[in-house]
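See structure below.
Each value in this text was obtained by applying a stated rule to the coordinates, not by laboratory testing. All values reported here derive from a predicted model rather than from experimental measurement. As a convention, Cβ positions derive from the backbone with ideal geometry for all residues, glycine included, and neighbour counts pool all protein chains shown.
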Amino acid sequence: MKFMKTLVILFLFTSPACVIAQTENIDQNIIQQIRKEGLQNSKVMDIAFQLTDVSGPRLTASPGFMKAANWAKNQLTQWGLTNAMLDPWGDFGKGWELEKSYVAMTAPWYKSLQAYPKVWTGGTNGLKNADVILISARDTAGLDIYRGKLKNKILIFDGTDKYNLSFKADAARYTDMQLDSMALALPQNSQQPQIGDTAAQRRTLDQFIAQNRAMQSMTNTLRSLAVTEGAIGMLSTSPRNHDGTIFVQQAGPYKITDAPNFLDVAVGIEDYMTMIRLLKNNIPVKMDIDVKTKFYSTDTKGYNVIAEIKGTDKNLKDEVVMLGGHLDSWHSSTGATDNASGCAVMMEAVRILKTLNIQPRRTIRIALWSGEEQGIFGSRGYVKKTFADPADMKLLPAHDKFSSYFNIDNGTGKIRGIYLQGNEAARNIFTQWLAPFNDLGVKTVTIANAGGTDHLAFDAVGLPGFQFIQDPIEYGTRTHHSNMDSYDHLIEDDLKQMATIVAAFVYNAAMRDQKIPRKELPKPRPAGQRSGM
């Protein structure tokens, strides 16, 4: 028995699990100072106000984006950060701005419509009063009957979607059961079958994709025909566009070589279906429409905002801890929860550290990205020129000097934990870092991946990049990419909590003896093989 006990003890002290489970050296006094400054003296709402109400929409390469980026750069400098700059990450394309929009139904009766021209579309060249024509085709061949009938018309597709009442609350927080389920998640590359992944569901998904492609092909053909014949524009909607919320993105290309795209205006499903019912009953519908847009092509590069708190340890000061979020937004509102909230939180986190006169061992670098909404372009461009290109995985010297990147981009909801992005070696570290904030509702560490935002650019080249778990609130139901994404949908106490926790994470990462552990270095992946956009 004594021999077996010795073997067990030897195993425990030599196994990887034991190495991972080392105790973190956390300065609890500094953590308490961070809590006090972040929760009692916060400036996060002031920052959010500047990025939203003052700057306006922040479409990449637009005047609103540049206004917010320059304000952020100057504010970071005033707080004492160094090397603040607008850092070009590569070629983007044309900027775009909406200068005027008036849309109304004038017959059979008058109604001013809540409507938003989609990004990178042209205007009407003045006020137009036009007939609305119903397009009932179900495939490209069915469009032939409309040839010669589109001049000076506004097009509307015969939608089959019906209005569905909402029976659930828009806003929600994660329950303890949901968080416990996240904590118990298996690695997403596990060989075990994934719940809900059945052959029938895959066939349904394949059918949806095929139908969507066919619809997109027909829409593209119709747009081409409409431009050729001199139509004024088209209306579009979605089943999600109800109760005054309209989700609006782009309807055209932004590359400098592309011509302005055909005007596409998003409207609520209630107004959309009203017009369809009238037209189906042979009651003419007329509209007033006056849209003015402006393109910017003098400077086609994309820019990120970068600034630093320099490291002080002679052996570690060249190593880097990064935090960030994307500054760009869509244009139907001011992008408050997507993602001025994340940028305000990250700026507030570095403000807290500078206010406390923190002297980090490693350099702390904040990045506010652009081009995220079009394909995570800003962070990917930065990572490519600074650390490595995922296409060939030829590592640059800075790759070895990198510790970790922390990202916020899931709305206004408070932090409930962190996604490990498959990096099991970081679990115990983050669990200990979260412990001083368990009373703020944050404790969950999950092996699961989070997709769709800028930490993926770092993960793609084998650098530790993490997204925090946040309460969903009304992100997916009401604010994400919609006209409701305004300052009023921000929750102040949640943003304070977020900034406090991020400041502590960044501080801990900058002060610990070792960099954050890494996963296995990925193999080269050409652009077409990458995921997570």
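Brief remarks follow.
- Here the condition is being over 27 Å from the mean Cα position of the chain (by Cα), among the β-branched types (Val, Ile, Thr) and assigned to a strand (DSSP E or B); of 305, 291, 321, it holds for 291 alone.
- The residues in the stretch 334-381 that are among the basic types (Lys, Arg) and assigned to a strand (DSSP E or B) can be counted, and the count is 1.
- Of all residues in the stretch 282-326, those being among the hydroxyl-bearing types (Ser, Thr, Tyr) and surrounded by fewer than 16 Cβ atoms within 10 Å (Cβ to Cβ) number 4.
- Residue ranges of helices (runs of 4 or more DSSP H) in the stretch 16-130 with at least 3 members touching a strand residue (DSSP E or B) at 6+ places or on another chain (Cβ under 8 Å): 63-78
- Every residue from the stretch 447-461 that is surrounded by 20 or more Cβ atoms within 10 Å (Cβ to Cβ) and either on the phi > 0 side of the Ramachandran plot or in contact with a helix residue (DSSP H, G or I) (Cβ under 7 Å, 6 or more places away or on another chain) (or both): 447, 454, 457, 458, 461
- Taking (1) touching a residue at least 24 places away in the same chain (Cβ under 8 Å); (2) surrounded by fewer than 24 Cβ atoms within 10 Å (Cβ to Cβ); (3) part of a helix (DSSP H, G or I) in turn, residue 509 satisfies each apart from (2).
So that you can scan it fast, the table gives a plain yes or no per residue for (1) among the polar types (S, T, N, Q); (2) buried (at least 24 other Cβ atoms within 10 Å of the Cβ):
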site: 328; (1), (2): no, yes
site: 341; (1), (2): yes, yes
site: 359; (1), (2): yes, no
site: 371; (1), (2): no, yes
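- For the stretch 146-185, a residue qualifies if it is outside any loop (DSSP other than H, G, I, E, B), touching a helix residue (DSSP H, G or I) at 6+ places or on another chain (Cβ under 9 Å) and not aliphatic (A, V, I, L, M), and the qualifying residues are 146, 153, 157.
- Taking the criterion of being within 29 Å of the chain's Cα centre (by Cα) and under 14 Å from residue 274 (Cβ atoms), the residues of the stretch 104-122 that qualify are 113, 114, 115.
- Of all the criteria given as (1) in a strand (DSSP E or B); (2) free of Cβ contacts under 8 Å to residues at least 24 places away in the same chain, the one not satisfied by residue 277 is (1).
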